[in-house]
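*Asks:* The structure that follows is given in the form of structure tokens.
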């Protein structure tokens, strides 16, 4: 009877240890997942700031006679396209992040073309409102880069945690899936060619 009691106590202790370990791992995964969601919220926040600046920029540029309408139309369409892509923080798969990033890259390119074309209009560059908006956009682009880097660091921490032992035993069972990263756009590894 003593031997069976010892075995029963050992099995009960092992089960308790497994349950406590599982609870601790689950709670840590929840905390890390919430950190990813909060970081994603901040990424969306800075992208929204950029979206909010664009109508003012477009209206300021429209005030200049003979400004290239196609460039303005491209910016407006890119903004509309980018605003259509919504990613749920609970589904930050690599595919969803890539789709979001592609729409934002299109907007960045359209804004870049707008800024290049605006260089041909000295009266526009002399406008205080345009200069302030351009400065705010530059600051927002810097914020976007910082928040994307923070997001990637938090996602790395989360992804590493759910794939380590013993969390890997629980992560799939409780639905903790790997999250996607922001990655460099295609062709970013090549330096742009400058011609004079």
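The values are calculated or read from the model by the stated rules, or taken from the named source; none is laboratory data. Note that the structure is a prediction, hence the values are computed from the model and not measured. Every residue, glycine among them, receives a Cβ derived from its backbone with ideal geometry; neighbour counts consider all protein chains shown.
*Asks:* Hey, residue 54 hits all of (1) closer than 30 Å to residue 38 by Cβ; (2) part of a helix (DSSP H, G or I); (3) without any contact (Cβ under 8 Å) to a residue 40 or more places away in the chain but one; which does it fall short on?
*Replies:* Against the list (1) closer than 30 Å to residue 38 by Cβ; (2) part of a helix (DSSP H, G or I); (3) without any contact (Cβ under 8 Å) to a residue 40 or more places away in the chain, residue 54 comes up short only on (3).
*Asks:* Just one of 37, 25 is touching a residue at least 60 places away in the same chain (Cβ under 8 Å) and more than 21 Å from residue 129 (Cβ to Cβ); which is it?
*Replies:* After ruling out the rest, the residue left standing is 25.
*Asks:* With the checklist (1) at pLDDT 90 or above; (2) more than 23 Å from the chain's Cα centre (by Cα) in hand, flag the one item residue 60 doesn't pass.
*Replies:* Exception for residue 60: condition (1).
*Asks:* Here's something else I'd like to know. Residues of the range 74-101 being closer than 25 Å to residue 117 by Cβ and in contact (Cβ under 8 Å) with a residue 60 or more places away in the chain, which ones?
*Replies:* Answer for the range 74-101, where residues must be closer than 25 Å to residue 117 by Cβ and in contact (Cβ under 8 Å) with a residue 60 or more places away in the chain: just 101.
*Asks:* Now for a different question. How many residues, within the range 58-89, are part of a helix (DSSP H, G or I) and surrounded by fewer than 16 Cβ atoms within 10 Å (Cβ to Cβ)?
*Replies:* Counting residues in the range 58-89 that are part of a helix (DSSP H, G or I) and surrounded by fewer than 16 Cβ atoms within 10 Å (Cβ to Cβ) gives 11.
*Asks:* OK, next. Residues in the range 10-19: is at least one out of contact with any strand residue (DSSP E or B) (no Cβ under 6 Å at 6 or more places or on another chain) and either in contact (Cβ under 8 Å) with a residue 40 or more places away in the chain or not in a helix (DSSP H, G or I) (or both)?
*Replies:* Scanning the range 10-19, I find no residue that is out of contact with any strand residue (DSSP E or B) (no Cβ under 6 Å at 6 or more places or on another chain) and either in contact (Cβ under 8 Å) with a residue 40 or more places away in the chain or not in a helix (DSSP H, G or I) (or both), so the answer is no.
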